[in-house]
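Step one of this worksheet: look at the structure below.
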């Protein structure tokens with residue numbers, strides 16, 4: 001069937017997409033927006049293993065960058081025709097750390113055809129929880145969520161659709177596997193060291209999570225789904241993940257002695273090299289948080305990106321960035337009446353140069369937020385308040401905003 005140009009434009013305008021440049025895999029999710037609801041059209045995933053491409057100097061190696069760029073070029077083909085405002089692409093832990101990350105991101109954005117943002121750990125956690133919350137049926141339970149990625153692990157406590165406590169730990173299945181199982185050998189000594197390293201990352205956060213408690217615990221992302229699949233395939237668990245099942249799976253890995261001898265049902269060959277590190281992190285999470293069982297959810301960062309994008313496009317009053325700016329303004333007791341006056345004056349000046357400077361809605365939004373926050377530095381000192389304000393914005397956790 002052939003569509004007219006106007007029909008094709010209408011279809012493209014109704015489409016939204018999320019791109020997740022994870023430390024292990026890159027994901028693309030494309031959906032159609034229909035009466036405020038999202039209907040998934042395409043899911044693409046490629047195991048890029050970005051975290052494994054960081055050398056001793058903290059730089060991405062050329063071969064890894066080329067592999068990543070080739071993947072993004074393929075994603076870009078699928079995104080062709082979708083409006084820029086309807087696409088959000090984010091990078092996570094590895095590109096937060098890579099010394100040459102900015103150089104890579106410039107090339108990556110060109111390949112993808114869309115700007116790629118680097119998000120903070122807390123922002124990653126917020127978006128993951130948002131994706132999971134839409135996947136779960138109950139909206140009144142207090143829940144714990146654990147998400148193990150390639151370069152970081154997110155632990156979130158939430159009530160219904162709202163995240164209450166968010167932590168991002170500097171361990172992931174790729175980084176821990178490279179550190180403790182670099183040649184693929186799995187020994188009791190290496191296992192103890194890997195789990196101890198993971199446990200140390202959980203140590204600073206375990207008390208605050210245990211104190212607040214939860215009604216149900218969930219796990220998301222590829223690592224946790226892979227563990228659940230292995231447990232079910234081996235007959236160690238019917239659904240989800242239990243502490244007893246983890247012990248049985250650990251014994252299977254030790255008996256194998258090497259990743260090349262692992263024969264786990266439901267585990268792809270691409271995931272096998274990073275499976276020991278992921279399992280060690282999950283075992284540490286169970287011990288640190290006193291978990292007995294994790295239910296599995298399909299929601300993840302990419303779904304959270306789409307729902308966050310939906311809030312920006314269809315429900316301007318639900319744009320989390322507006323809520324973030326309002327909260328920051330209240331925290332530092334900004335004179336809101338004065339801030340509104342400054343914002344309106346700035347917008348009038350902006351309107352006069354919009355066409356000549358080829359500016360648009362994105363710049364207009366940024367100007368409005370800047371006007372609302374331009375005096376927050378007064379909470380520290382009147383002298384050089386603008387520098388204090390810039391510091392507060394740069395170093396605060398700001399839900400909805402990417403890293404500078």
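Just so it is clear, none of the values below were taken in a lab; they were calculated from the coordinates. Everything numeric in this text was worked out from a predicted model, so none of it was measured. Reconstructed Cβ throughout: ideal geometry from the backbone, glycine too, with neighbour counts over all protein chains shown.
Please compute the contact order of region 319-395 in relative form: average sequence separation of alpha-carbon pairs under 8 Å and at least six residues apart, divided by the residue count, as a percent.
This gives 33 percent for region 319-395.
Quick one: grab the alpha carbon gyration tensor of region 283-343, order the square roots of its eigenvalues as a ≥ b ≥ c, and give me rounded if a/c is under 1.5, else prolate or oblate depending on whether a/b is larger than b/c.
In terms of gyration-tensor shape, oblate.
Using only alpha carbon pairs under 8 Å that are at least six residues apart, calculate the relative contact order of region 251-404 and give it in whole percent.
Reported as a whole number, the value is 18 percent.
Of the candidates 64, 196, 103, which one comes out as most mobile in a Gaussian network treatment of the chain with C-alpha springs shorter than 10 Å?
For the chain, modelled as a Gaussian network with Cα springs under 10 Å, the answer is 103.
In Å and from the alpha-carbon atoms only, list the Rg and Dmax of region 136-297.
For region 136-297, the Cα-based Rg and Dmax read 15.0, 46 Å.
Where the convex hull is taken over the Cα atoms of region 135-212, what is its projected area averaged over directions, in nm²?
6.2 nm²
Using alpha carbons only, how many degrees (0 to 90, rounded to 10) separate the axis of helix 275-289 from the longest principal axis of the chain?
80 degrees
So if R0 is 41 Å, what FRET efficiency would residue 57 and residue 268 give, r being the distance between their Cβ atoms, rounded to the nearest 0.05?
It comes to 0.85.
How far is helix 101-112 tilted, in degrees, relative to the longest principal axis of the Cα atoms in the chain, given as a value from 0 to 90 rounded to the nearest 10?
Here the helix axis deviates by roughly 80 degrees.
Once you have the Cα-Cα distance between residue 159 and residue 185, take 0.36 nm times their residue separation minus that, and quote the gain in nm to one decimal.
Gain in length upon complete extension: 5.2 nm.
Using alpha-carbon positions, what is the distance between the centroids of region 145-171 and region 376-394, in Å?
30 Å
For region 114-178, rounded, prolate or oblate, judged on the Cα gyration tensor with a ≥ b ≥ c (square roots of eigenvalues), a/c < 1.5 rounded, else prolate if a/b > b/c?
Prolate is the answer for region 114-178, as a/c is 1.5 or above and a/b outweighs b/c.
Mind pulling the angle between the C-alpha long axis of helix 385-395 and the longest principal axis of the chain? Nearest 10 degrees, somewhere in 0 to 90.
The two axes meet at around 30 degrees.
Between residue 379 and residue 255, what FRET efficiency follows from the Cβ-Cβ distance if R0 is 45 Å, with the result rounded to 0.05?
FRET efficiency, residue 379 to residue 255: 0.15.
What is the ratio of the Cα radius of gyration of region 319-395 to 2.2 N^0.38 Å, where N is its residue count, to two decimals?
Taking the Cα Rg and dividing by 2.2 N^0.38 Å, one obtains 1.14.
Could you check the spin-label model distance between residue 207 and residue 323? Points 7 Å from the Cα along Cα→Cβ, value in nm.
Result: 3.0 nm between the two label points.
Measure off 7 Å from each Cα along the Cα-to-Cβ vector at residue 287 and residue 234, then give the distance between these two points in nanometres to one decimal.
1.7 nm
Using all alpha carbons of region 5-118, what is the percent of pairwise distances in each 5 Å bin, ordered from the shortest bin to the longest?
Values per bin, smallest distances first: 2, 12, 23, 23, 15, 10, 7, 4, 2, 0, 0.
Which number comes out as Rg/Rh for region 244-313 once both Rg and the Kirkwood Rh are worked out on C-alpha atoms?
Result for region 244-313 is an Rg/Rh of 1.11.
Where a ≥ b ≥ c are the square roots of the eigenvalues of the C-alpha gyration tensor, would you call region 42-188 rounded, which needs a/c under 1.5, or, failing that, prolate if a/b is larger than b/c, or oblate?
oblate
For mean projected area of the Cα convex hull in nm², several values are listed as (i) 18.6; (ii) 21.7; (iii) 23.2; flag the one computed from this structure.
It is the one labelled (iii).
What ranking do 19-29, 127-137, 74-84, 289-299 get when scored by the average of other Cβ atoms within 10 Å per residue, highest first?
Ranked from most to least packed, the peptides come out as 19-29, 127-137, 289-299, 74-84.
Using 0.36 nm per residue, how much length does the chain from residue 80 to residue 361 gain when fully extended, once their Cα-Cα distance is taken away?
Here the segment from residue 80 to residue 361 would lengthen by 99.0 nm.
How much FRET efficiency would the formula 1/(1 + (r/R0)^6) give for residue 13 and residue 402, where r is the Cβ-Cβ distance and R0 is 25 Å, rounded to 0.05?
0.55
Between the alpha-carbon centers of region 232-299 and region 34-85, tell me the distance in whole angstrom.
27 Å
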